[in-house]
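Presented below is the structure to which this report refers.
Read-outs: derived from the displayed coordinates by stated rules, not from any lab. Note that the coordinates shown come from a computational prediction; the quantities given were computed from them, not determined experimentally. We place every Cβ from the backbone using ideal geometry, glycine too, and count neighbours over all the protein chains shown.
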Amino acid sequence: MKKFVCLYVPILILAALLTGCSEKKETSGGPVKLTFYNQKEQLPIYFEELVKKFAEQNSGIEIEVISPPDSETALFARVSTGDVPDIVHLWPAEPPYKDMMEEGLFLDLTGQEFLKRAMPEYVEMSNYKGKSYAMPTTISFYGLWINKDIFSRYNLAPPTTHDELIAVCEVLKANGVQPFVFKDKNPAQEFERMIGITNPDVTTVIERIARGETSFTREPEARALAEDMLEVRKYGQVDTLGTDDSQARTDFFAQKAAMYTSGTWLMADVKNFPGVNLELIPYPCPIKGRPSKMPINIDIAYSIAADMSDAKTQGALKFIDFLTSPDIAQDFANFEGGPCIITSVKQDTPELNTVMEQISKKNTFLTVLNFWNPGLRPAWVPAVQNMLMTKDIDAFIAESDKLIKTVYTSN
């Protein structure tokens, strides 16, 4: 259902607008009651505590935290019936949420004082058509997690090139250490982030392929990434295709492998394993000579439903102001651990020291998911998995060209 909703969310939203369900947003006196829709599976208890603290400072405003499983699918289903939560945690740079902004489902926050608390470049990334419909607080990075203790044991430096990465793998393998653990049961996110690393502007290449102007037989990205994926998997567990993200994380934190490709959202697990010494670094670009930039995304941002009463709107604005106030933002950053973009926050996360340097060096790019046709990432998964099984790169490239044209033509 998630794939279906992601592909057709504009149609569903339009249907919701035509049927209209705004009456539920109005209040009839008494306390202002709001719903806060949380999509971070690690944070429901934390947000529930924050809501209690907010209530102590704001009598007359009651907020219910909603944290359903498979939250994005559940959110799209609600939106399709016109039931937009009052306050929503979302990923504002991604296409489905831009569609919601286009349809006028979120309040225009442009000019709100709390927006000034975030780094301007990330507010801009969250904007739609020059207006702010979301308040960003945290970003995410994708790269290579390394076990620093294992690296130190064998005098290994963090790899900065593909050749250095393979050399590290050879040393580890020679010493009986499994270099990598992979989660190929669902490689969608890894493939999307990694092809962006080969070329942050790969979306332009994909759109040209969709128009029949070029092909991955003439462009380097798909072949370079396929070759890299096959080569590094020689240094992983036997059954990569049977391993999901949960099992891969478990094995990595059990120190069964020295490296794991993932993002800053792993910090929730890092804090539960203080004895495991990790660091996130840029994944070496598979194309020689190209810089290894890190893909980022807006990870936590807050939006407000547009069709509420004045009392509910003011209550929701107060809650976002509370969440982004210096003391609460600092406490949240200390707890959640991800890269915070509230300028008053002091980041004290050794595992992300290299990541934070990438911000100052402007060595990042907004992950290509935010520019792709929404149907492309899930459509690519079977082709990626088949390539990992058959090791037939030429067939993978041909299939990639075909599915790009199909997805962009049908959507």
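Kirkwood radius, the stretch 134-276, all distinct C-alpha pairs, inverse of mean reciprocal distance: 16.7 Å. Suppose R0 equals 30 Å; then what is the FRET efficiency for SER325 and ASN363 from their Cβ-Cβ distance, rounded to the nearest 0.05? Here the calculated transfer efficiency is 0.50.
For GLU41 and LEU241, what does the FRET efficiency come to when R0 = 35 Å and r is the distance between their Cβ atoms, rounded to the nearest 0.05? The formula returns an efficiency of 0.90 here. The distance separating the Cα centre of the stretch 274-311 from that of the stretch 56-119 comes to 19 Å. Please determine, in degrees from 0 to 90 and to the nearest 10, the orientation of helix 393-410 with respect to the longest principal axis defined by the Cα atoms of the chain, where the helix direction is its Cα long axis. Orientation of helix 393-410: about 20 degrees from the principal axis. In this label model, SER410 and ARG211 are separated by 2.3 nm, measuring between points 7 Å along each Cα→Cβ vector. For the pair the stretch 332-411 and the stretch 167-218, the centres of their Cα atoms are 10 angstrom apart. Charges were assigned to the Cβ only: +1 to each Lys and Arg, -1 to each Asp and Glu. The resulting dipole of the chain about its Cα centre is roughly 540 debye.
Extension gain for the segment ASP83 to LYS346, taken as residue separation times 0.36 nm less the Cα-Cα distance, is 91.0 nm to one decimal. Backbone phi angles across the stretch 135-151, fed through the Karplus curve with coefficients 6.51, -1.76 and 1.60 (θ = phi - 60°), yield HN-Hα couplings of 9, x, 10, 9, 10, 10, 10, 10, x, 10, 7, 10, 8, 5, 5, 5, 4 Hz in residue order; Gly and Pro are listed as x. Using a Förster radius of 22 Å, what is the FRET efficiency between ARG153 and ARG290 based on their Cβ-Cβ separation? Nearest 0.05, please. Efficiency for this residue pair is about 0.10. Charge tally for SER344 (other residues, Cβ to Cβ under 15 Å; Lys, Arg +1; Asp, Glu -1): -2. Applying the criteria of a DSSP loop state and at most 16 other Cβ atoms within 10 Å to the trypsin sites (Lys or Arg not before Pro) of the stretch 82-164 yields LYS129.
Using the alpha-carbon atoms, what tilt in degrees (0 to 90, nearest 10) does helix 221-232 show relative to the longest principal axis of the chain? Approximately 70 degrees, to the nearest 10. Residues whose amide H falls under 5 Å from that of GLN42, counting only those 5 or more places apart or on a different chain, are absent, with hydrogens built in the peptide plane.
Per-residue Karplus couplings for the stretch 243-248, computed as 6.51 cos²θ - 1.76 cosθ + 1.60 with θ equal to phi - 60°, are listed in order as 10, 9, 4, 4, 5, 4 Hz, Gly and Pro entered as x.
Charged neighbours of ALA248, selected by a Cβ distance under 14 Å, balance to -2 (K, R count +1; D, E count -1).
With 32 Å as the limit on Cα-Cα distance, the pairs of LYS148/LYS405; LYS129/LYS391; LYS116/LYS271; LYS116/LYS293; LYS116/LYS361 that go past it are LYS148/LYS405; LYS129/LYS391. Remark on THR35: its backbone amide H falls under 5 Å from those of GLU64, ASP86, ILE87, a criterion applied only to residues 5 or more positions apart or on other chains, H modelled at 1.01 Å from N. For the charge dipole of the chain, defined by +1 on Lys and Arg C-beta atoms and -1 on Asp and Glu C-beta atoms about the Cα centroid, which residue among ALA210, VAL84, GLN39 has the Cα displaced farthest towards the positive pole? It is ALA210.
Couplings 3J(HN,Hα) for the stretch 68-83, derived from phi with the Karplus relation 6.51 cos²θ - 1.76 cosθ + 1.60 (θ = phi - 60°), are x, x, 6, 4, 5, 4, 5, 5, 4, 5, 5, 4, 5, 9, x, 9 Hz, where x marks Gly and Pro. Would you mind checking the tilt of helix 326-336 against the longest principal axis of the Cα atoms of the chain, expressed as 0 to 90 degrees and rounded to 10? Between the helix axis and the principal axis of the chain, the angle is about 40 degrees.
Local charge for HIS162 was computed over the other residues whose Cβ lies under 9 Å away, with Lys and Arg +1 and Asp and Glu -1, and equals -3. In the chain, the inverse of the mean reciprocal separation of distinct Cα atoms equals 22.6 Å; this is its Kirkwood hydrodynamic radius.
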